[in-house]
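Peer 1: Just dropping this structure here.
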Amino acid sequence: MLLLQPLYGWLTSRFPRSVFLPWVYGFFAANLLIFWVWFACSGPPGIARTISCGERVQSVRGGGVWSLMADVFSREQAGRLFGFIWAGASTGG
């Protein structure tokens, strides 16, 4: 994570959000699909460590979502919407 976070920060500073975010979310969606196929083929013992590492990498994206919303929403919108967004994220988790 010490190596990935600076790389992620550098990439986000070099590309506009509208270009960068679809690639990031596509990457993580593909990872979830790959993990699902791998899990179906090999079972839990063969994949447990890899999923743990993958979850750590995805935690980087979680902070990016909140910072994106902080950039996009006005102060009034944020005060009105963040509670609903957080409730949905908690329910989904």
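The values are calculated or read from the model by the stated rules, or taken from the named source; none is laboratory data. This is a predicted model, so every value here is computed, not measured. So basically every Cβ, Gly included, is an ideal-geometry build from the backbone, and we count neighbours across all protein chains shown. When the accessible area is computed, the model is the full protein with side chains, heavy atoms only, and any ligands, DNA or RNA have been set aside. Shrake-Rupley method; radii C 1.70, N 1.55, O 1.52, S 1.80 Å.
Peer 1: Would you pick out the residues in region 13-24 that are over 20 Å from Glu55 (Cα atoms) and surrounded by 10 or more Cβ atoms within 10 Å (Cβ to Cβ)?
Peer 2: First, the residues of region 13-24 that are over 20 Å from Glu55 (Cα atoms): 13-20.
Phe15, Arg17, Phe20, listed by residue number.
Peer 1: Name the residue that is modelled with the highest pLDDT, counting only residues in region 30-47 that are open to solvent by 60 Å² or more (accessible area, probe 1.4 Å) and within 30 Å of Val72 (Cβ to Cβ).
Peer 2: Selected residue: Leu33.
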